[in-house]
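Structure record follows, encoded as structure tokens.
Where a number appears in this text, it was derived from the coordinates with a stated rule and is not lab data. This structure is a prediction, so every number in the text was calculated from the model and none was measured. No Cβ is skipped: glycine too gets one built from the backbone with ideal geometry, and neighbour counts run over all protein chains shown.
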Amino acid sequence: MKLSIVLTFMLTYLFACSSAENSTVAKSNGKPSELSGSWEVNFIFGQIESLDVLFPVKKPLITFEPKELSISGNTSCNSFSGSYTISGSEIKFSDNLLTTEMLCIDGMDGEKAFLNTLKKVNTFSVSSSGKTLYLKKDGITYMKLRKSAG
């Protein structure tokens, strides 16, 4: 009983935070160049554990190459690459991302959460400052990433 109350509270909080942060986001004009560069994950929807627990070594990073509509990066443990399609603010990552298959004692739950979330999202927006990328499913932020300097 207590667990269901806590989970209900946490989900309500997450939805409220998602709505509040979206109100400050500039509407994306869907240009692939908005995505150019590297982005580090700083939020994944539905994760009870902190990102430091999910990703004990390093946080996942996505690098977008808009001319080729390709992505590469790391899941914290493994490297990955693939492609994406974009139409306006709609985005879809390829179902068959190529990943290395290193065994990571720590961080496998985080890697799964990251890759599964990429499969779910269907839209994106970039903050007016250009420093935050929001990957969403049906208007709800599922992943938030910060522009990386590197």
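Miscellaneous remarks
- Computed over the Cα atoms of the range 102-150, the ratio of the radius of gyration to the Kirkwood radius (Rg/Rh) comes to 1.07.
- Spin-label zone in the range 51-75 - amide nitrogen under 17 Å from a point set 7 Å from the Cα of Asp109 along the C-beta vector: 51-60
- With 22 Å as the limit, the listed pairs Lys58/Lys92; Lys59/Lys147; Lys67/Lys137 have Lys58/Lys92; Lys67/Lys137 beyond it between alpha carbons.
- Full extension of the segment from Lys119 to Asp52, taken as 0.36 nm per residue of separation minus the current Cα-Cα distance, would add 21.9 nm.
- Centroid-to-centroid separation of the range 55-77 and the range 93-110 [C-alpha atoms, Å]: 11 Å
- Put simply, the convex hull of the Cα atoms in the range 28-137 casts, on average, a shadow of 6.5 nm².
- Backbone N under 11 Å from the Leu98 label point (7 Å along Cα→Cβ), restricted to the range 64-81: 80-81
- Other-chain or far-sequence residues with amide H under 5 Å of Tyr142's (modelled H): Leu135, Lys136, Lys137
- For the pair Ser81 and Ser38, label points projected 7 Å from Cα toward Cβ lie 1.6 nm apart.
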